[in-house]
Structures are given as C-alpha cells and as structure tokens.
Amino acid sequence: MHVFDQVFSLAAKKFDSLDALEKAMPHVLTADQLKSQSDAFYLSAMTRRIFQAGMTHLVINSKWPHFEEVFWGFDPKKLVLIDDTFMERAMQDKGLIRHWGKLQTIPVNAFEMNELVSSQGVSFGQFIAEWDQDITLLWAHISKRFKRMGGQSTPYFLRMVGKDTFVLTHDVVNALLNHNIIDSKPTSKASIQKVSDFFTELQQHSGRPLSHISKLLALSLE
C-alpha cells in the first residue's frame, strides 16, 4: 500500500464519513481567484499573520476591523506615506495591538510589496498564483524579502490567502518523523527539500493539493 493510502485511511477513521473528512480540508483558491485579490488584501493578511504569531488568534481577529480602518485598508501605496507621528498615534490606540516591532512591519512590508509588484510587472496575487517552482522556494523568497515573515509565518500566510502549500505544524512534523522522512524537525535547506520532495511524491500519487496532504498527515496521527 502506498504511504498516501495509509495516511488517508488513518485520517478517515477520525470522521463519520468521507464527506465529513473532505469538508475538513483547507480551502485552496484557483489561480484566477488568487489574481483577483488586491495587493491590499495580501498585505492585510500578511500583517495579520505577523500579529497572530505567538498571540491568541481570536484576539487578533476581533481587532482586525479596527486595524483595517486605522491603516487605510492596507493599501500598500498609501502605507508607504506613514510617518513617525502616525506610528506614535498608533502606539496610543487601545483598539490596536500596541506591539512596536510588529507595527513597524506595516510600512516596511508595504514598501517591499510595492517594489516587488513594480519589478515583476504583476500584482502580488498574480506573482504567487503563477509561481511554478518548488513551494518552499516561494517561502524563502517571501521570508527573505518581507519583515517578520520567517519560520512558519510565510506558509501560514499562504494558507490563509488560499495559495496551495503544506505547513510544518507540530503534528505534520511528527507524522513525517513516523514515516522516517526526517529524523528531526526540518530547519536546514536540505531537510526542508527532503520534506518537499516527499510531498511532491504524495501529490503525484494522489492528485491532491499540498494543503490537503498536509492536513491528512496531521490527522493520521494516532
């Protein structure tokens, strides 16, 4: 039995039906759907992920409408105009999460997004939609270019916006260890590539999106 079929069988045992299992899978957008979203949508999601890291997601999500209001809908072309006075006011706003290091990323990442779309001649949505290389190379590109997007922040961000990717959650890493794909948490370029190759193999066998395979691996733990 192929390893994917073993994983699927173990995951399915946790649900009353296959339909229920399918409904638990992450939602993946089409290329056209990714392209249709504005750069402001992506900058907002990126910033929300930055604030979610190490904090309670429910709290961040409840405050996000106020973030959207204060930061001009996260339009990157407007946000590069933010000055020190604006940021000082933001640090006094009790409706925001007053984390200086994370608030600082907003104008910086707005600038980087503007630069990226200008240099590529496409929207950010088109840039990620048309990425045709290994998904972990897209992780590396975004994490290197944008502030506070290292570690697992980039894969979580891509998952949030509907771009197909796997995410190395605690459960996924344990599943990979159980299948002897890795012998420790993957942090090096070589170990991450080994994981990516494994996901590619499962994708080729199953025809499933990477995000579904990632979820199924997490669910396969007994």
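The values are calculated or read from the model by the stated rules, or taken from the named source; none is laboratory data. Everything numeric here is computed off the predicted structure, so don't read it as measured data. Positions of Cβ are generated from backbone atoms using ideal geometry, with glycine treated the same way; all protein chains shown enter the neighbour counts. The accessibility values were calculated without ligands, DNA or RNA, using every heavy atom of the protein model including side chains. Shrake-Rupley method; radii C 1.70, N 1.55, O 1.52, S 1.80 Å.
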Where a residue in the stretch 44-68 is without any contact (Cβ under 8 Å) to a residue 40 or more places away in the chain and farther than 17 Å from Phe111 by Cα and its partner, wherever it lies, is open to solvent by 10 Å² or more (accessible area, probe 1.4 Å) and charged (D, E, K, R), with Cβ under 7 Å and at least six apart
Ile60/Arg48; Trp64/Arg48
Are any residues in the stretch 136-167 touching a Pro at 6+ places or on another chain (Cβ under 8 Å) and part of a helix (DSSP H, G or I), and if so, which ones?
Trp139, Arg159
Residues satisfying the stated conditions in the stretch 1-41, i.e. under 15 Å from Leu210 (Cα atoms) and among the aromatic types (Phe, Trp, Tyr)
Phe4, Phe8
Collect the residues in the stretch 110-135 that are in a helix (DSSP H, G or I), open to solvent by 40 Å² or more (accessible area, probe 1.4 Å) and touching a residue at least 12 places away in the same chain (Cβ under 8 Å), keeping them in residue-number order.
Phe111, Glu112, Gln126
Kindly state which helices (runs of 4 or more DSSP H) lie completely within the stretch 12-99 and contain at least 1 residues that are more than 30 Å from Gln126 (Cβ to Cβ) and either touching a Leu at 6+ places or on another chain (Cβ under 6 Å) or modelled with pLDDT under 95 (or both).
84-91
Among the listed residues Ser196, Ser211, which satisfies the condition of being outside any loop (DSSP other than H, G, I, E, B), of a type in the set (Ser, Thr, Tyr) and closer than 30 Å to Asp75 by Cβ?
Ser211
Residue count for the stretch 94-109, restricted to those that are in contact (Cβ under 8 Å) with a residue 40 or more places away in the chain, surrounded by fewer than 19 Cβ atoms within 10 Å (Cβ to Cβ) and over 14 Å from Gln52 (Cα atoms)
1
State which residue is nearest to Leu216 (Cα to Cα) when the search covers only the stretch 14-28 and only residues that are surrounded by 11 or more Cβ atoms within 10 Å (Cβ to Cβ) and among the small types (Gly, Ala, Ser).
Ala24
Would it be correct to say that Ala11 is over 15 Å from the mean Cα position of the chain (by Cα), open to solvent by 30 Å² or more (accessible area, probe 1.4 Å) and of a type in the set (A, V, I, L, M, F, W, C)?
no
Restricting attention to the stretch 168-193, which residues are part of a loop (DSSP other than H, G, I, E, B), farther than 21 Å from Arg208 by Cα and of a type outside the set (A, V, I, L, M)?
Asn180, Asp183, Ser184, Lys185, Pro186, Thr187, Ser188
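Might you let me know whether the stretch 116-135 holds any residue that is farther than 30 Å from Lys77 by Cβ and modelled with pLDDT of 95 or more?
Yes - at least one qualifying residue is present in the stretch 116-135.
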(1) touching a residue at least 60 places away in the same chain (Cβ under 8 Å); (2) crowded, with 16+ Cβ neighbours inside 10 Å; (3) not aromatic (Phe, Trp, Tyr): which one isn't true of Val3, the others all being true?
(2)
